[in-house]
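Step one of this worksheet: look at the structure below.
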Amino acid sequence: MIDSHSHIYCSDFDNDRDLVIERAKQAAVRHIVLPNENLESITQVMALHRAHPTYTSVALGLHPEDVDGDFMQQLTAMRPLLNEHNPVAVGEIGIDLYWDTTWREQQMQALDIQLHWCKELQLPFIMHCRNALDEILSVMDNFGETLPQGVFHSFTGTVQEVEAVRKRGDFYFGVNGIVTFKKSNVKEILPVVGLDRLLLETDSPYLAPVPNRGKRNESANIPHIARFVAQQLGKDFDEVSTATDNNSITLFRLKIT
Ligand SMILES: [Zn+2]
């Protein structure tokens, strides 16, 4: 299995990061994609990637919650680092209006610029969308037919929202521990998304799946998510892990053995 979205480079893991990687390997997690958040976190992302160059891949971008008044300076400083570090995606990018709508316009501009990076570098995007699907779709609509491929990570929208996204392109959807939560409706979108467009992710350190809900999340929890998805879709565990692995490998052009 592949964890397509994990922040195990962050300080929550400073005391036991090597053990976390070891547990992921023991849980049959073959590879971990590390999406960046801001200019500062690139140092931590790259340090972890250099320590585990074949086991991890990096995505570089400015997270919507890190967009504020100086986002243009951040983007200008970040852009050359994408040429330098060979990321597998631009991410995570997107719009988040859940806690704060102050920087709505700036978040839309930052998303527009970073989707252009995807085009320039021929990379997919990793999209973070929280209370902001209309804004994201309106930015995407500026691109018409030339939209890059990508994944809507931690997607918690409705079936209608999956369909609205799909009007713009044949995108992937990332599913994490939220799908296992009793009150979550994410299980309803699984058959609509279908195994051929589903990615597994943890979003560590957040959103640990049942039975580890509430604890710090880590990549070794991927099998819990895979098992739950398999039950919901009436498929074998192996079919889900193989299909979702292939989706990550295709989208991010991963070279893993
Ligand atoms: Zn994330």
> From the list 67, 88, which one is under 17 Å from residue 7 (Cα atoms) and buried (at least 20 other Cβ atoms within 10 Å of the Cβ)?
Replying inline: 88
>> Tell me whether the stretch 65-80 contains one or more residues that are in contact (Cβ under 8 Å) with a residue 12 or more places away in the chain, closer than 26 Å to residue 222 by Cα and either outside any helix (DSSP H, G or I) or not hydrophobic (A, V, I, L, M, F, W, C) (or both).
In response: yes
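For residue 193, are the conditions met, namely being within 26 Å of residue 208 (Cβ to Cβ), in contact with a strand residue (DSSP E or B) (Cβ under 7 Å, 6 or more places away or on another chain), aliphatic (A, V, I, L, M) and more than 16 Å from the ligand (Cβ to nearest atom)?
On the way: within 26 Å of residue 208 (Cβ to Cβ): yes; in contact with a strand residue (DSSP E or B) (Cβ under 7 Å, 6 or more places away or on another chain): yes; aliphatic (A, V, I, L, M): yes; more than 16 Å from the ligand (Cβ to nearest atom): yes.
Criteria met by residue 193.
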>> Quick check on the stretch 168-178. Is at least one of its residues assigned to a helix (DSSP H, G or I), within 16 Å of the ligand (Cβ to nearest atom) and surrounded by fewer than 22 Cβ atoms within 10 Å (Cβ to Cβ)?
In response: yes
> Looking only at the stretch 210-251, which residues are free of Cβ contacts under 8 Å to residues at least 24 places away in the same chain, under 20 Å from residue 23 (Cβ atoms) and among the acidic types (Asp, Glu)?
Replying inline: none
> For the stretch 21-45, what are the residues that are away from the ligand (no atom under 16 Å from the Cβ) and of a type in the set (Val, Ile, Thr)?
Replying inline: 21, 29, 43
> Among the residues of the stretch 142-167 satisfying the criterion of being outside any loop (DSSP other than H, G, I, E, B), within 16 Å of the ligand (Cβ to nearest atom) and among the hydrophobic types (A, V, I, L, M, F, W, C), which is surrounded by the most Cβ atoms within 10 Å (Cβ to Cβ)?
Replying inline: 151
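All of the numbers you see were taken from the coordinates with simple rules; none came from a lab. Values in this document were obtained by computation on a predicted structure and should not be read as measured data. Please note: Cβ atoms are built from the backbone with ideal geometry, for glycine as well, and neighbour counts cover all protein chains shown.
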